[in-house]
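These notes concern the structure reproduced below.
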Amino acid sequence: MLRFRTCPVDEEPAATLVQGMRDEIAALYEGLNLDGPDMPKAGPAELSPPAGAFVVGFEDDEPVCCGGVKRLSDDACEIKKMFVAPDARGRGVARELLVELERRARELGFGVARLDTGPRQPRAQRMYERAGYVAIANFNANPLATFFGEKPLA
């Protein structure tokens, strides 16, 4: 069972997990600059209170996953930087992380969650669809993403 703790995205242990996500994305999408001007922002300003959150999931005392919630509007948020360490995959950790991020989003007062994923992450898209996310139009101008999903949180 996972335990989740709030952690600033740019502090340990979140920073190491986020770097793992960045390294994985860089390998999947050669030449992508996650900090480029065309990419949606998801740094400390976006993923911190009062309108955002970032969590790390622990198995025992080992950090194994992370993710954040970013405010888009008064009612809508975006799930960002979801990542599960390779050793923790295949056990439902990503699904449990998504449930926790949705719970945090509801606590922040959001009624709708949105997210995106790219063409080289079909397992992520399948998980999102199984969790109730339905395809919507590009809501965040992410030049890489091919799936944009939305789910009511009520």
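Has region 9-23 got at least one residue that is within 15 Å of ASN142 (Cβ to Cβ), β-branched (Val, Ile, Thr) and outside any loop (DSSP other than H, G, I, E, B)? No, there is no match, as no residue in region 9-23 is within 15 Å of ASN142 (Cβ to Cβ), β-branched (Val, Ile, Thr) and outside any loop (DSSP other than H, G, I, E, B). For region 120-137, which positions are in a loop (DSSP other than H, G, I, E, B), surrounded by 12 or more Cβ atoms within 10 Å (Cβ to Cβ) and out of contact with any Gly (no Cβ under 6 Å at 6 or more places or on another chain)? Those that are in a loop (DSSP other than H, G, I, E, B), surrounded by 12 or more Cβ atoms within 10 Å (Cβ to Cβ) and out of contact with any Gly (no Cβ under 6 Å at 6 or more places or on another chain): ARG120, GLN121, ALA131, GLY132, ILE136.
Taken over region 65-110, the criterion of being part of a loop (DSSP other than H, G, I, E, B), touching a Gly at 6+ places or on another chain (Cβ under 8 Å) and of a type in the set (Lys, Arg) is satisfied by no residue. Taking each residue of region 67-87 that is free of Cβ contacts under 8 Å to residues at least 24 places away in the same chain and crowded, with 19+ Cβ neighbours inside 10 Å and looking for partners that are assigned to a strand (DSSP E or B) and β-branched (Val, Ile, Thr) with beta-carbon atoms closer than 7 Å, six or more apart or interchain, yields VAL84/VAL64.
Number of residues in region 98-149 that are over 23 Å from ILE25 (Cα atoms) and among the aromatic types (Phe, Trp, Tyr) equals 1. Might you let me know whether region 35-47 holds any residue that is in contact (Cβ under 8 Å) with a residue 60 or more places away in the chain, farther than 19 Å from ASP116 by Cβ and surrounded by 13 or more Cβ atoms within 10 Å (Cβ to Cβ)? No; the residues of region 35-47 include none that is in contact (Cβ under 8 Å) with a residue 60 or more places away in the chain, farther than 19 Å from ASP116 by Cβ and surrounded by 13 or more Cβ atoms within 10 Å (Cβ to Cβ). Of everything listed in (1) part of a loop (DSSP other than H, G, I, E, B); (2) modelled with pLDDT of 95 or more, the single unmet condition for PRO37 is (2).
The values are calculated or read from the model by the stated rules, or taken from the named source; none is laboratory data. Keep in mind that what you see is a predicted model, and the values were worked out from it rather than measured. Don't worry about glycine lacking a Cβ; one is built from the backbone with ideal geometry, like all the others, and counts go over all protein chains shown.
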